[in-house]
Amino acid sequence: MFALLDVILPERHIHHLNRTMDALSDGTAFAAGMIAAGCMLLLAGALKRRKRRAWVTMIIVTGIGLAANVHIHRFRVVILHLALLGLLIWTRRDFTARSQPRTKLAAVRVFLVMATFSMAAGYLLTRRTTTDTPFLARLEQVFLGLLGFTPDLTFRHPQSLTFTEIALTTLGGLTALLTIATLLAPARKPSQRSAEAEDGVRRLLGQWGERDSLGYFALRQDKGIIFSPSGKAAVAYRVVGGVSLAAADPLGDPEAWPGAITAWLAEADQYAWTPGVIGASEDGAIAYRRAGLDALELGDEAVLDLTTFSLNGRSMRVVRQAVNRVGRCGYTLDVRRQRELSETERAELVQTAQRLRGEEVERGFSMALGRVGCDDDPEIVIARVRDGEDRLVAVLSFVPWGTDGLSLDLMRRDRASENGTVEFAIVGVAQAAGKLGVRRMSLNFAVFRSVFERGARVGAGPVLRLWHRTLLLASRWWQIESLYRANAKYNPDWEPRFVCFRKAGELPRVGMAALEAEAFIKFPRLRWLAG
């Protein structure tokens, strides 16, 4: 900002800028400007989130700029720096958001690695000079080049000087940019959970687990837990890219939900995290709205009423045909609680589930547990499908939904198995409801289900048709439409699920964090550099 004002209101004594003005030419000015813009954007974003560390960094940067401009008598810019410095000091109590202490060490590590690399690369770039410059003198010129000055070296070709100047400015700017980015990086909360917190979650699930079909997934080890002051409610969440992403409804007594939500929001404000919720039910969305968040319908959850479920009727013809076809091929199904499996059967289950895993990345955050074979979850229902040669070709697991419900967790099958194997297993579990003592079953979550249902109808408006085409295009990479179709053929009841956010401008960030948490996308991180 000050550089722009200085161009608009230039000082007369330009000669005071000496060699710095030489650096601000051709590609060097562009490289320096882009790096400076990146640093300012990082600082602006951190200041917007009220981070104390960003405030301290801005005080230092402004102080250095003030001293430099006093030295070269650029008094108009000095006044602007003083005004900014005064404003920062006046508003110091507003910047209270904390950062993780270990990011300081990480920033030092990034700086040392990048500085060493930049100095080495700069030394190699300056080897083609016409004079035999001593080693230390050349390093000094490389250092000045990294700071944005023109190296006082004579090259055989004039183009080499320009290229070296741009390269050194870029390397120096990247060193500063990556160091500041690491220093101001959003705080990450460790995913480790104490045994006391684990026991608290299981206690709440035992008392109130029937309220939410996604409640049992709060036991994922990569989710943090924050309890209400009374301990009667809790919010399960994970910090993803500076977003504190809560999953589903709060656990526990609905009357204690406000206390848990308030504690979760207070922690988000303490660390400058953006709060967001994915997969909240209508009751949960109302509770989050009362706490100051807004809500938007994200999709629908497919729920089967097992007391009335039947394969009869025209609407179930496709499922009925698939189940009968698989049965004629000699496939068999075994449905039992995990505690009823022997050690040999459990070992085979874990090995087969790992073998049938289609991708290296384990997807799921809001509706996945991934604890098949774990002794801590004896009530999980396991459906195992064997083909005519007694090979285990499909494994499905269902986590408890209170005492009378199930929620689909793991669903894996051998791609060489008969088409309809999954339908064979789901229908078998539904028909075993009496033996299992359950009356309802939650299947997968269908994102934007209403768009697929209404977008293809006659009379759909242009906006709805465009949105429908966009989702069809996205379904080429993500199984959006196919997941909806796979659920719809069971004629389930559709329960709406919501995404909650504080303000509209934060919704894209919450959405990207949700996609990353569900492992649909993966953003590059500096962990290889920062440790």
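Considering only segment 249-356, give the strands (runs of 3 or more DSSP E) lying wholly within it that have at least 3 residues that are under 20 Å from Glu518 (Cβ atoms).
Working: elements: 274-280, 294-305, 332-337.
The strands (runs of 3 or more DSSP E) meeting that bar are 274-280, 294-305.
Within segment 247-265, how many residues are crowded, with 20+ Cβ neighbours inside 10 Å, in contact (Cβ under 8 Å) with a residue 40 or more places away in the chain and on the phi < 0 side of the Ramachandran plot?
First, the residues of segment 247-265 that are crowded, with 20+ Cβ neighbours inside 10 Å: 247-252, 256-257, 259-261, 264-265.
From the residues that got through so far, the ones that are in contact (Cβ under 8 Å) with a residue 40 or more places away in the chain too are 247-248, 251-252.
With the extra rule that they be on the phi < 0 side of the Ramachandran plot, the set shrinks to 247, 251.
Summing the residues that are crowded, with 20+ Cβ neighbours inside 10 Å, in contact (Cβ under 8 Å) with a residue 40 or more places away in the chain and on the phi < 0 side of the Ramachandran plot in segment 247-265 gives 2.
Among (1) buried (at least 17 other Cβ atoms within 10 Å of the Cβ); (2) at pLDDT below 75, where does Phe143 come up short?
(2)
Condition test on Arg238, is it surrounded by fewer than 22 Cβ atoms within 10 Å (Cβ to Cβ) and within 14 Å of Gly200 (Cα to Cα)? Give the derivation first.
Details: surrounded by fewer than 22 Cβ atoms within 10 Å (Cβ to Cβ): yes; within 14 Å of Gly200 (Cα to Cα): no.
Criteria not met by Arg238.
So that you can scan it fast, the table gives a plain yes or no per residue for (1) open to solvent by less than 50 Å² (accessible area, probe 1.4 Å); (2) over 30 Å from Asp94 (Cβ atoms); (3) among the hydrophobic types (A, V, I, L, M, F, W, C):
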{"site": "Glu267", "(1), (2), (3)": "yes, no, no"}
{"site": "Ala272", "(1), (2), (3)": "yes, no, yes"}
{"site": "Gly279", "(1), (2), (3)": "yes, yes, no"}
{"site": "Glu282", "(1), (2), (3)": "no, yes, no"}
{"site": "Gly327", "(1), (2), (3)": "yes, yes, no"}
{"site": "Thr332", "(1), (2), (3)": "no, yes, no"}
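Within the group Ile225, Ile278, Ile286, which residue is β-branched (Val, Ile, Thr) and more than 20 Å from the chain's Cα centre (by Cα)?
On the way: Ile225 fails: more than 20 Å from the chain's Cα centre (by Cα); Ile278 fails: more than 20 Å from the chain's Cα centre (by Cα).
Unique residue meeting the criteria: Ile286.
From the residues in segment 161-192 that are surrounded by fewer than 17 Cβ atoms within 10 Å (Cβ to Cβ) and part of a helix (DSSP H, G or I), which one is modelled with the lowest pLDDT? Please lay out each step first, then the result.
To start, the set of residues in segment 161-192 that are surrounded by fewer than 17 Cβ atoms within 10 Å (Cβ to Cβ) comprises 162-163, 189-192.
From what is left, the residues that are part of a helix (DSSP H, G or I) are 162-163.
Details: Thr162: 70, Phe163: 73.
Filtering segment 161-192 for residues that are surrounded by fewer than 17 Cβ atoms within 10 Å (Cβ to Cβ) and part of a helix (DSSP H, G or I), the one modelled with the lowest pLDDT comes out as Thr162.
Has segment 350-362 got at least one residue that is in contact (Cβ under 8 Å) with a residue 60 or more places away in the chain, under 23 Å from the mean Cα position of the chain (by Cα) and open to solvent by 20 Å² or more (accessible area, probe 1.4 Å)?
Scanning segment 350-362, I find at least one residue that is in contact (Cβ under 8 Å) with a residue 60 or more places away in the chain, under 23 Å from the mean Cα position of the chain (by Cα) and open to solvent by 20 Å² or more (accessible area, probe 1.4 Å), so the answer is yes.
The values are calculated or read from the model by the stated rules, or taken from the named source; none is laboratory data. Remember, it's a predicted structure, so these values are computed and weren't measured experimentally. Here the Cβ is made from the backbone with ideal geometry for all residues, glycine too, and neighbour counts use every protein chain on show. To get the accessible areas, we keep the full protein, side chains included, count just its heavy atoms, and leave off ligands, DNA and RNA. Shrake-Rupley method; radii C 1.70, N 1.55, O 1.52, S 1.80 Å.
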